[in-house]
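As structure tokens, the structure follows; a few thoughts come after it.
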Amino acid sequence: MSRVFESPDGPPGPARIIDLYCGYMISQTLFAAVETGLFTAAGPEPATPAQLAERCDIPERSARAMADLLADAGLLERDGAAFRTAPDAEAFLTGRGPADLRPMARYWATVSYPAWGNAIEAFRSRRGVRPVLDEAQTEAYESTVALVTAETAADLARTYDFGRHRRLLDVGGGYGTFARPILSAYENLSVTLIDLPEVAAAVAGQAIPRLTAIGADIFESPLPPGHDVILVANLVHLLPPDRITELFRRLRAAAAPEATLLLVDWWRTDQAPHPSARFGAGEFLIISGGDLYQVDEVVGWLTETGWKCTGLTELPPPSGVLVAVPD
């Protein structure tokens, strides 16, 4: 479509702009291909649209249309009239490679994409959609968060010394992505995980040793006391500033005098976020009114709410852990 407007001898054409306008077509085709199993059906050996259609139980015209679009996007490779998976698609979108990113597609398709329909108003007002998620959407969201944060969770367990602590409160702990590697590394530690009831119920059903899951709204219910370390991982970026200070105050009220607060997040330390986190400033705003926050502004909110920041420990980019103690 965009090449129609190109002029080799004139000023720059609008091809790049039009390609960006149409970007949602590729993402929606990608979601459909994951849902129908098209990448698994294609594989490293060439397959015709008829073969793809039969393997995916979709019309042949649909298989051809999806394959053409995904080949233009570089996720499939043409071999005459047939198609094979590109190396990255084979590695991450078939279930046959070193990591399976297909579960993420359901989050982008069912939670994130509908929310971005509110983008104009969200950017104008800095208020996110705050969608109410059904069971399937909650599963898609939590599974994607677990997948994205697993490496950071393992890094935290290796980097921070939890050996001097005995009871950890994991606030907004999701499916226990951060709690699991910590519990594995420190047998002296027990964890109380607090999250929404439907999330906590899923965690409780897994019967993780030394982990107690509590279902509650962290802004409405009292936070459980008696913990000497409090972990808030990848939650601050989902909140607007007024909710962040409210959370910090609630944590301070529940904190033991000797408690340590660990804030793990994608901190913005300059005006150019790390490439892997750059999309977050928009995504977090659209979904819930959040942002990628500067370290110094978070330190200011900690000070305002009775905490003293003792330092920032870098984790592999884009993450870091801010450490604070009661002031």
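The values are calculated or read from the model by the stated rules, or taken from the named source; none is laboratory data. Note that this is a predicted model, so its numbers are computed, not measured. Cβ placement follows ideal geometry from the backbone for every residue including glycine, while neighbour counts extend to all protein chains displayed. In case anyone asks, the SASA skips ligands and DNA or RNA and just uses the protein heavy atoms, side chains included. Shrake-Rupley method; radii C 1.70, N 1.55, O 1.52, S 1.80 Å.
Points to keep in mind about this one:
- Shown for the chain are the DSSP H helices of 24 Å or more along their axis, judged by Cα atoms, with a mean Kyte-Doolittle hydropathy of at least -1.0: 135-159.
- Within the chain, the longest run free of exposed loop sites, counting trypsin sites (Lys or Arg not before Pro) that sit outside DSSP helix and strand states (H, G, I, E, B) and have at most 16 other Cβ atoms within 10 Å, spans 1-95.
- Estimated [θ] at 222 nm from DSSP helical runs (n ≥ 4, -39500 (n - 2.57)) normalised by residues in the chain, nearest 500: -12500 deg cm²/dmol
- Accessible area per residue in Å² at 1.4 Å probe, computed on segment 108-158: 60
- Probe 1.4 Å, accessible area per residue of segment 1-100, Å²: 60
- Accessible surface of the chain [probe 1.4 Å, protein heavy atoms]: carbon and sulfur percent: 56
- Taking label points 7 Å from Cα along the Cα-to-Cβ direction, residue 73 and residue 296 give a separation of 4.0 nm.
- The distance from the alpha carbon centre of segment 298-318 to that of segment 63-142 is 34 Å, rounded to a whole number.
- Counting only Cβ charges, +1 for Lys and Arg and -1 for Asp and Glu, the dipole size of the chain around its Cα centre is about 360 debye.
- Within the shell of other residues whose beta carbon sits under 10 angstrom from the beta carbon of residue 294, the net charge comes to -3, with Lys and Arg scored +1 and Asp and Glu -1.
- Placing 66, 25 in order of accessible area, with the largest value first and a 1.4 Å probe, yields 25, 66.
- Contour excess over end-to-end distance, with Cα ends at residue 113 and residue 19 and 0.36 nm allotted per residue: 32.0 nm
- The accessible area of residue 22, taken with all protein chains in place and a 1.4 Å probe, comes to roughly 30 Å².
- Neighbour-limited loop hits for chymotrypsin sites (Phe, Trp or Tyr not before Pro), segment 164-272 (at most 14 other Cβ within 10 Å; DSSP other than H, G, I, E, B): 219
- Probe 1.4 Å, accessible area per residue of segment 169-236, Å²: 37
- Heavy-atom accessible area order for 148, 295, largest first, 1.4 Å probe: 148, 295
- For residue 156, net neighbour charge (Lys/Arg +1, Asp/Glu -1) across residues whose Cβ lies under 13 Å away: -4
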